[in-house]
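Here the structure comes first, spelled out in structure tokens, and everything after it is commentary.
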Number of protein chains: 2
Amino acid sequence: MTIPEELQGLRQSIDNIDAALVHMLAERFRATRQVGILKASRSLPAVDRSREEGQVARLRQLAAASGLDPDFTEAFIRMVIAEVVRQHERIAAEHARKG
Amino acid sequence: MTIPEELQGLRQSIDNIDAALVHMLAERFRATRQVGILKASRSLPAVDRSREEGQVARLRQLAAASGLDPDFTEAFIRMVIAEVVRQHERIAAEHARKG
């Protein structure tokens, strides 16, 4: 099957956007790692439900305004937050182990 | 509970990154919508397994190089691709309905 030229051009854009997404996610997890260390050192809980619901509501609005499906956006941010909570729990456990 | 100033600063960065992620995702789905229209008009299949596996492998490498968990990255891109396939199937059905 030959790939139409227009499809190849769109795929190049998608690949560039994906590289940007990966790098933004890497930077986001660098920031949340710092949050995890800070929370562990102050014995703050890994989960902050009111912060989380605020993030979801804000990103649903941003998504709607930019033509992105709000339900997909919510599923995405909740997946990211779940990973962050796991990261924070690991950091807290390590902090407790080290004393 | 008072929020330490350092935590507030990190949360501001996270919120900025999240806004960037939402806008990049919106742009990505704009591109895949074009791909869906193109595929429907040429009767190309919604799913392209070899393209998908190439994307996953490339993004896992990019993730590892930027300090992001490759398994999380794979789960993320597969979630995005599953949404794109649903989008393409909707576009194909609409195209068929219109004749």
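Bear in mind these aren't lab numbers, they're just calculated from the coordinates by the rules spelled out. Predicted, not measured: the structure shown is a model, and the values here were computed from it. For neighbour counting, all protein chains shown are included, and Cβ atoms are generated from backbone atoms with ideal geometry for every residue, glycine included.
Values for this structure:
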item: Hits in the range B:42-58 (condition: of a type in the set (Lys, Arg) and either touching a strand residue (DSSP E or B) at 6+ places or on another chain (Cβ under 9 Å) or under 17 Å from A:Glu6 (Cα atoms) (or both)); result: B:Arg42, B:Arg51
item: Unique match (being farther than 24 Å from A:Met79 by Cα and not aromatic (Phe, Trp, Tyr)) among B:Ile91, B:Ile81; result: B:Ile91
item: Cβ pairs under 7 Å, 6+ apart, first in the range A:66-79 and more than 14 Å from A:Glu52 (Cβ to Cβ), second of a type outside the set (D, E, K, R) and outside any helix (DSSP H, G or I); result: none
item: Top-ranked residue of the range A:18-41 - restricted to ones that are of a type in the set (A, V, I, L, M, F, W, C) and more than 8 Å from every other protein chain (Cβ to nearest Cβ), ranked as nearest to B:Glu6 (Cα to Cα); result: A:Ile37
item: Checking B:Val47 against (1) surrounded by fewer than 17 Cβ atoms within 10 Å (Cβ to Cβ); (2) at the interface with chain A (Cβ under 9 Å from one of its Cβ atoms), the condition it does not meet; result: (2)
item: Residues of the range A:62-99 that turn out to be outside any helix (DSSP H, G or I) and either in contact with a strand residue (DSSP E or B) (Cβ under 7 Å, 6 or more places away or on another chain) or not small (Gly, Ala, Ser) (or both), as a count; result: 2
item: Count - residues of the range B:8-61 that are part of a helix (DSSP H, G or I) and free of Cβ contacts under 8 Å to residues at least 24 places away in the same chain; result: 34
